[in-house]
Amino acid sequence: MQSDKDISKQGLSDFSLEEKVGQFFMPAAFINDSEEEITQLEALIKNAHIGGICFFHSRASAATNYEGKKEVPYNKESYQTLKKLIARYQQAAKIPLLIAIDAEWG
């Protein structure tokens, strides 16, 4: 991953159109995902040059508004898990990711 200073000096002129377009996308990330799902998002970040991610507690909690109340898994280590996932996803990115979070779950 390039440093923020390197990117600000370089500007967008050296980025391909694909890299520029990828910066507009911010897929959902879930702290209770399986290793397979985490690996899939890492690949998406690398291959599509994703610009950011938005964390949600779980896929079930993100879908609650549409599917009615579901039991949402509790992760007492959510803060530590979140820190590890942010580091992993940042490592997968060529350009530092914008990180957002739906943190109603605490």
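The values are calculated or read from the model by the stated rules, or taken from the named source; none is laboratory data. If you're wondering where the values come from, they're calculated on a predicted model, not measured in any experiment. Using ideal geometry, Cβ is built from the backbone for each residue, glycine included, and neighbour counts are taken over all protein chains shown.
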Worksheet item: Given 76, 70, which one is in contact with a Ser or Thr (Cβ under 9 Å, 6 or more places away or on another chain), assigned to a loop (DSSP other than H, G, I, E, B) and modelled with pLDDT under 85?
Response: 70
Worksheet item: What is the residue count in the stretch 4-47 for residues that are of a type in the set (Ser, Thr, Tyr), at pLDDT below 90 and assigned to a helix (DSSP H, G or I)?
Response: 1
Worksheet item: Using beta carbons and a limit of 6 Å, which pairs, at least six apart or on different chains, have the first residue in the stretch 49-65 and farther than 28 Å from residue 19 by Cβ and part of a loop (DSSP other than H, G, I, E, B) and the second one at pLDDT 80 or above and not acidic (Asp, Glu)?
Response: 58/30; 58/32
Worksheet item: Does residue 65 qualify as being surrounded by 13 or more Cβ atoms within 10 Å (Cβ to Cβ) and at pLDDT below 85?
Response: no
Discussion item. Quick check on the stretch 83-106: of everything there that is part of a loop (DSSP other than H, G, I, E, B) and in contact with a strand residue (DSSP E or B) (Cβ under 6 Å, 6 or more places away or on another chain), which residue is farthest from residue 41 (Cα to Cα)?
Written reply: 102
